[in-house]
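Accompanying notes for the structure given below.
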Amino acid sequence: MTEYRKDGNYERPILTMNGIAMLLLLLAMIAAEGLGIVAMRGGFARIAIFLGVAIVFVAAGFYMLQPNEAAVITLFGSYLGTDRAPGLRWTLPWNTRRRLSLRARNHNIDTLKVNDKRGNPVEIAAVVVWRVADTAQALFDVEDFEHFVKVQSESALRHVATGYNYDTGEEHDPHEVTLRAGAEIVADALRAELQARVQLAGVKIEEAKLTHLAYAPEIAGAMLRRQQAEAVIAARAKIVTGAVSMVEMALKSLSEKNVVELDDERRAAMVSNLMVVLCSDRDAQPVVNTGTLYN
């Protein structure tokens, strides 16, 4: 690669002519040719031949560029430069012009099945927005830059996906980045990884985003049950924490207002009843106690 760069085969500008000016010159020569033919004087024969050759020469050098388009100019296989000026342009007719789009392009990476950091199979897909930045590298450094971007995109997505867990586990670091919770960070990592891979082709990665993320079908059911269990446990823990706080507040309020005097046994019975009422999945059925806690 170093030797290749020393050869100078990277994008460089080339000086081309304004096509409008050359078009006016062409029209003037055509008009002169027509007037000469009408006059048909003896000395005009040689001039007519010269003008005819000049007309063909000028007419063969025109080409047109749209905005965000470039023309790579070569001469007998040697790279001369790249013209990025939009509009009607003119160059020597023996120069070969190859137009190349510089517009942003989308590449949808099909859903891939990969293993995350824990080894769980997951399905992942992404979309990549890219554009050609260096036309010489795009045409001369790789065989087909579009296919090159496609292959490298899939490879980069596989490599990035294996570096993260799909989701947090039972014992996890609260600052851990996962595929599901850290989509933006994962997308930035994918963009950086892909940019390093396609630099050879003169391509710039504008954006990379995940479009699909799920467990593989063979483990999706088990992982769903695990997530549901974790959600139930988290909800139960929150309910118990709130119930303890409410019971403590109730006992404190009863004691401060001297509503009733409770010994340890009655206090324990009240705490038990309140915890059952507050933590139960169903509405508690009231029972009127007409007896006593003591025999």
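The values are calculated or read from the model by the stated rules, or taken from the named source; none is laboratory data. Every value quoted in this text rests on a predicted model; they were computed, and no experiment measured them. So basically every Cβ, Gly included, is an ideal-geometry build from the backbone, and we count neighbours across all protein chains shown. Only protein heavy atoms, including side chains, enter the accessible area calculation; ligands, DNA and RNA are left aside. Shrake-Rupley method; radii C 1.70, N 1.55, O 1.52, S 1.80 Å.
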Inset, instruction - Test Leu80 against the criterion of being aliphatic (A, V, I, L, M) and under 24 Å from the mean Cα position of the chain (by Cα), and give yes or no. - result: no
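Looking only at region 75-86, filter to residues that are of a type in the set (Gly, Ala, Ser) and in a loop (DSSP other than H, G, I, E, B); which one of those is modelled with the lowest pLDDT?
Gly77
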Legend entry - Selection from region 186-203 of residues that are of a type in the set (A, V, I, L, M) and assigned to a helix (DSSP H, G or I): Val186, Ala187, Ala189, Leu190, Ala192, Leu194, Ala196, Val198, Leu200, Ala201
Inset, instruction - Would you mind finding the one in Arg236, Arg191 that is open to solvent by 50 Å² or more (accessible area, probe 1.4 Å), at pLDDT 85 or above and over 30 Å from Tyr79 (Cα atoms)? - result: Arg191
Inset, instruction - Select from region 106-120 the residues that are closer than 30 Å to Leu65 by Cβ and either of a type in the set (A, V, I, L, M, F, W, C) or touching a residue at least 40 places away in the same chain (Cβ under 8 Å) (or both) and write down the one among them that is most open to solvent (accessible area, probe 1.4 Å). - result: Asn108
